[in-house]
């Protein structure tokens with residue numbers, strides 16, 4: 001793995017993750033676009049939407065599949081192994097799988113509506129719950145929120161402990177306030193990106209900026225695996241923007 005070769009240069013690993021993810025996305029995307037075009041897997045546009053959007057009907061969608069492939073390959077090569085990184089990667093893949101299923105529903109039934117809002121929310125709540133309980137109970141992440149220049153906010157004051165033989169301490173702690181906070185964070189961001197994905201380059205451009213900032217914050221806090229992971233996601237967005245800028249050749253989905 002590249003992480004072991006360049007372990008003495010942590011900042012280089014962050015940039016390497018960004019560059020490799022960008023290159024992989026740009027290298028794999030053209031073949032994916034040709035495949036989607038040949039199989040007529042395209043975006044379904046709402047008939048009651050703006051007339052200017054009707055020209056987007058049939059544009060290949062699910063470009064996020066290649067972005068995820070590039071991210072997974074890159075992080076396995078570059079990210080220093082850690083359980084926190086594994087948890088974040090699994091949560092990302094599970095959420096992406098939910099979105100892929102939503103896209104497949106649109107393509108198969110040739111309509112702009114995929115999963116029902118209730119179905120999406122059930123899946124998102126399940127992913128956020130499992131992720132939060134895992135990092136709190138197995139990784140020892142404190143249920144607190146640190147805001148600069150303020151004292152940490154303890155969201156673990158309302159915690160229920162239930163017996164759990166497979167848990168490290170023999171009990172499963174459920175910090176209710178922290179769980180609600182993570183719901184707002186994970187589900188809110190997931191749906192925010194989904195709603196943003198309506199104009200050419202908008203979703204990928206905004207996510208790229210956010211991930212670069214997240215990478216800088218994680219690096220500053222000595223969380224190298226998460227810094228490289230965030231930089232890799234930013235790189236995948238940059239590679240995707242080459243094909244998603246107006247007029248878009250493919251949508252993220």
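Quick look at the numbers
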| item | result |
| --- | --- |
| Some residue of segment 239-253 being free of Cβ contacts under 8 Å to residues at least 40 places away in the same chain and either buried (at least 17 other Cβ atoms within 10 Å of the Cβ) or not in a helix (DSSP H, G or I) (or both) | no |
| Counted residues, segment 219-234 - those being over 13 Å from the mean Cα position of the chain (by Cα) and closer than 20 Å to residue 81 by Cβ | 8 |
| Wholly enclosed helices (runs of 4 or more DSSP H) of segment 1-116 bearing at least 2 residues at pLDDT 90 or above and more than 18 Å from the chain's Cα centre (by Cα) | 10-38 |
| Test result for residue 152, surrounded by 13 or more Cβ atoms within 10 Å (Cβ to Cβ) and touching a strand residue (DSSP E or B) at 6+ places or on another chain (Cβ under 6 Å) | no |
| Condition met for residue 170 (more than 14 Å from the chain's Cα centre (by Cα) and over 25 Å from residue 133 (Cβ atoms)) | no |
| Checking residue 168 against (1) exposed (fewer than 12 other Cβ atoms within 10 Å of the Cβ); (2) at pLDDT 90 or above, the condition it does not meet | (2) |
| Check on residue 139, assigned to a loop (DSSP other than H, G, I, E, B) and either surrounded by fewer than 19 Cβ atoms within 10 Å (Cβ to Cβ) or within 14 Å of the chain's Cα centre (by Cα) (or both) | yes |
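The values are calculated or read from the model by the stated rules, or taken from the named source; none is laboratory data. Note that the coordinates shown come from a computational prediction; the quantities given were computed from them, not determined experimentally. In this analysis, Cβ positions are derived from the backbone assuming ideal geometry, glycine residues included, and neighbour counts consider all displayed protein chains.
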